[in-house]
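The values are calculated or read from the model by the stated rules, or taken from the named source; none is laboratory data. Being a predicted model, the structure only gives us computed values, none of them experimental. A quick note on method: Cβ atoms are made from the backbone with ideal geometry, for glycine too, and the neighbour counts reach across all protein chains shown. Remember, those area values only see protein heavy atoms, side chains included, never the ligands or the DNA or RNA. Shrake-Rupley method; radii C 1.70, N 1.55, O 1.52, S 1.80 Å.
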Amino acid sequence: MSLAPFTLSPALNERVWGGTGLGPGIGEAWDLSVHPHGEATVRTGVHAGRPLAEVVAEVPEAFGGSVDLLAKRLDCAQNLSVQVHPPSGDPKTEAWVVLAAEPGAGVYLGFTEEVERDDVARRAVDGTVDELLQFVPLEVGDAIFVPAGTVHAIGGGLLLFELQQSSDTTYRLYDWGREGRELHLEEGLAVTDLGPAAPQAPVTVLADGSERLVACDHFVIDRVRVASGDTVAVDAGGRWTGLFAISGTAHLGDLEVHEGETAMVPGSGGSVLLTAVDDFVGLRYGPPSP
């Protein structure tokens, strides 16, 4: 079955650290998700109004199989917890692209040096674990890759695009003194890498002029910049591709995509042209090519 590109409506989730940009107290907008904790809804096309998960389950061949990634936006008015995600069981490797940043904002990523598990546990309890972490200042456009097992915390003052494996398992090690949220020291420390984070890979330029920000075994993220009237191909290679519009308006085949919207290109439709109505910047993402 062949499906034309369509846009999605996000599932919105309140968070204690959420800002106001996505709605009062909304910390996360799950823009492309089949996860039961927050399913995106098809907004346009023949399946408009239906949960994306339902459509994928009904016609998986149109998407080249299951959809095992989750794309979201995070509006971080306050620091998120110091946390880690497991590499197996319900694994979660993720990556962020900065959409907006206050001066001095950044993330904690990995330890400054090799540490002992017992020392991390002690400092998580006494509230000084952040002193062991490497702080990375960020600016708009920066991309950060976070493999499962890497301890991290997103700082306040950031609006991020996140792409991750479709998982909702988070082990909190420290929550900045906030009360009422459970910590998971035993589970988290069991899967924590106790050293510095791996260096970030450099951005590379692809043949079509787009920038490959992140590439791993689970997904790729490309930044596409298309001048008014120009085109670039969106080819899912038999799988599916997502597109988040950072700025501008473009036609994705017959579909019009506006700033802040997420579109999905099922792999069954083959290559689709993205044509900029005005200067367009977006993130093209999905499973890596076979």
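Can you confirm whether V234 is open to solvent by less than 10 Å² (accessible area, probe 1.4 Å), touching a Lys or Arg at 6+ places or on another chain (Cβ under 8 Å), within 30 Å of S2 (Cβ to Cβ) and modelled with pLDDT under 95?
So V234 fits the description; yes.
Please indicate, with yes or no, whether at least one residue in segment 53-64 is within 17 Å of the chain's Cα centre (by Cα) and in contact (Cβ under 8 Å) with a residue 40 or more places away in the chain.
no
Considering only strands (runs of 3 or more DSSP E) fully contained in segment 53-172, which possess at least 3 residues that are open to solvent by less than 20 Å² (accessible area, probe 1.4 Å) and either at pLDDT below 95 or not charged (D, E, K, R) (or both)?
69-76, 94-101, 106-111, 152-154, 158-165
Tell me which residues, restricted to segment 32-41, are part of a strand (DSSP E or B) and surrounded by fewer than 22 Cβ atoms within 10 Å (Cβ to Cβ).
Of everything in segment 32-41, just one residue is part of a strand (DSSP E or B) and surrounded by fewer than 22 Cβ atoms within 10 Å (Cβ to Cβ), namely T41.
Looking at segment 246-253, is at least one residue out of contact with any Cys (no Cβ under 9 Å at 6 or more places or on another chain) and surrounded by 21 or more Cβ atoms within 10 Å (Cβ to Cβ)?
yes
Can you run down the residue pairs with Cβ atoms below 8 Å, 6 or more apart or on separate chains, where the first is in segment 172-198 and closer than 11 Å to R117 by Cα and the partner is part of a loop (DSSP other than H, G, I, E, B) and among the acidic types (D, E)?
Every condition considered, the pairs that remain are L194/E114; L194/E116; G195/E113; G195/E114.
It is to be established whether one or more residues within segment 107-119 are farther than 25 Å from A198 by Cβ and either under 15 Å from the mean Cα position of the chain (by Cα) or free of Cβ contacts under 8 Å to residues at least 24 places away in the same chain (or both).
No: segment 107-119 contains no residue that is farther than 25 Å from A198 by Cβ and either under 15 Å from the mean Cα position of the chain (by Cα) or free of Cβ contacts under 8 Å to residues at least 24 places away in the same chain (or both).
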